[in-house]
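**Q** If you scroll down you'll find the structure; I have some questions about it.
The values are calculated or read from the model by the stated rules, or taken from the named source; none is laboratory data. Please read all numbers here as calculations on a predicted model, not as lab measurements. Cβ placement follows ideal geometry from the backbone for every residue including glycine, while neighbour counts extend to all protein chains displayed.
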Amino acid sequence: MIDRLIIKEFGPIEELDVQKLGPINIFIGANGSGKSFVLKAIYSVIKSIEQYKRGKEIKTIGELLSDKLYWTFQPNNLGDLVRKKSEDPLKFRIYDNNHNEFYFSFGKNTTKSIKTIDNTFPSTEVNSIFLPTKEILSSRTIITNLKDRDKEFGFDDTYYDLAKSLTPVTKGKNYKQFSKSREKLNNSINGRIFYDNERKEWKFRDNEKYEYPIGITSEGVKKISIIDTLLGNRYLSKGSTIFIDEPESNLHPKLLFEFLDIIYELSQMGIQFFIATHSYFVVKKLYIIAQKNKKSIPIISFEKDKTNISNLKQGLPDNPIINESINLYKEEIDI
């Protein structure tokens, strides 16, 4: 599990040092503040570590990271990722709870290859995944072809990796420790997605055994179904990291709250979560979970001129998202 994160001069982030990360970690802030950017940066590093020494074509860790950053952020050159106002190089460092370290750095003149990189993380068979705001099932083949066949930008690597992880031939029996959480996911959306091998398409089957084309299935159902599918085909396991950008997107509040309860359950089984959100509902629900279970949930708030790091175990932070919700309540009182 990632325990500490240090970022300097990376994209919109001037400096960030988060210690004692937990099983669930929340990033909040206005549009363009850097929360999704940080999630993608951590994701790029973790996927590079996971892909190291896998497969027949063995690449160096530097080659894997350079490629992952390029296809995830899709800049003209990697040097474009250095903070615009900075004269210093970009620096990124993470530690896990076993004191393994991953560090890299590069400047604005970097094109396609990262030279300064240190890694003490061991090779692993664990897989992690990023759930973007848009659903991908309806466009899975388009997403993979755009990179594999056409070698063009379009959907970034968070979409591509997710599309690849849902390859229909991937099989496996469910891990027993996830069975109860999968059952709750199933009940919350009243069914599951599956791949129809005969028709070569994804479908949704409800708990009454009725089947529906994926195109007429709701966005929220597809979002939750994807996690259920990745747990079911053993792509995700204990030690995986799940990144979720705006979990509130396309979810009714009741379904969102059920989803967050399941996220907490999975976090207690060894899956780490990094979540970016705009939603007061998400923050308040996770605050209740932290208070009820007396668990640490770090919350990193990107504000206009500073970054605040607090913990929902100690209470709700002073933050524009939360303050605006309070202001709505005050307006209602004044009417």
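**Q** So is Val45 modelled with pLDDT of 95 or more and closer than 15 Å to Val126 by Cβ or not?
**A** Criteria met by Val45.
**Q** Tell me yes or no: at least one residue of segment 182-191 is assigned to a loop (DSSP other than H, G, I, E, B), more than 23 Å from the chain's Cα centre (by Cα) and not assigned by TED's automatic domain parsing to the domain that holds Tyr95.
**A** For segment 182-191, residues assigned to a loop (DSSP other than H, G, I, E, B), more than 23 Å from the chain's Cα centre (by Cα) and not assigned by TED's automatic domain parsing to the domain that holds Tyr95: present.
**Q** Between residues in segment 100-121 that are in contact (Cβ under 8 Å) with a residue 60 or more places away in the chain and residues that are aromatic (Phe, Trp, Tyr), which pairs lie under 7 Å by C-beta distance while being six or more apart or on different chains?
**A** Going by the 7 Å Cβ cut-off, the qualifying pairs are Asn119/Phe102; Phe121/Phe102.
**Q** Give me the residue from segment 227-236 that is over 21 Å from His278 (Cβ atoms) and in a helix (DSSP H, G or I) and, out of that set, modelled with the lowest pLDDT.
**A** Restricting to residues being over 21 Å from His278 (Cβ atoms) and in a helix (DSSP H, G or I), the top hit is Gly232.
**Q** Could you tell me whether segment 249-268 includes any residue that is touching a residue at least 12 places away in the same chain (Cβ under 8 Å) and farther than 26 Å from Ser225 by Cα?
**A** No; the residues of segment 249-268 include none that is touching a residue at least 12 places away in the same chain (Cβ under 8 Å) and farther than 26 Å from Ser225 by Cα.
**Q** Has segment 284-303 got at least one residue that is under 25 Å from Leu166 (Cβ atoms) and of a type in the set (Ser, Thr, Tyr)?
**A** Checked segment 284-303: no residue is under 25 Å from Leu166 (Cβ atoms) and of a type in the set (Ser, Thr, Tyr).
**Q** If a residue must be over 22 Å from the mean Cα position of the chain (by Cα) and part of a loop (DSSP other than H, G, I, E, B), how many such residues does segment 55-82 contain?
**A** Residues meeting the conditions: 8.
**Q** Within segment 237-278, count every residue that is among the hydroxyl-bearing types (Ser, Thr, Tyr), buried (at least 20 other Cβ atoms within 10 Å of the Cβ) and at pLDDT below 95.
**A** 1
**Q** If you go through segment 96-145 one residue at a time, how many are over 24 Å from Gly55 (Cα atoms), outside any strand (DSSP E or B) and within 21 Å of the chain's Cα centre (by Cα)?
**A** The number of residues fulfilling the criteria is 9.
**Q** What single numbered condition from (1) free of Cβ contacts under 8 Å to residues at least 12 places away in the same chain; (2) closer than 26 Å to Leu162 by Cβ; (3) not β-branched (Val, Ile, Thr) fails to hold for Leu137?
**A** Looking at each condition in turn, Leu137 falls short on (1).
**Q** How about segment 184-215: which of its residues are among the charged types (D, E, K, R) and surrounded by 12 or more Cβ atoms within 10 Å (Cβ to Cβ)?
**A** Those that are among the charged types (D, E, K, R) and surrounded by 12 or more Cβ atoms within 10 Å (Cβ to Cβ): Lys184, Arg192, Asp196, Glu201, Lys203, Arg205, Asp206.
**Q** List the residue pairs whose Cβ atoms are under 6 Å apart, where the first residue sits in segment 68-97 and is under 20 Å from Phe130 (Cβ atoms), the second is surrounded by 14 or more Cβ atoms within 10 Å (Cβ to Cβ) and among the small types (Gly, Ala, Ser), and the two are 6 or more positions apart or on different chains.
**A** Lys68/Ser44; Lys68/Ser48; Leu69/Ser44; Thr72/Ser44; Leu81/Gly11
**Q** Another one. All but one of (1) modelled with pLDDT of 95 or more; (2) closer than 20 Å to Lys8 by Cα; (3) surrounded by 14 or more Cβ atoms within 10 Å (Cβ to Cβ) hold for Asp67; which doesn't?
**A** (2)
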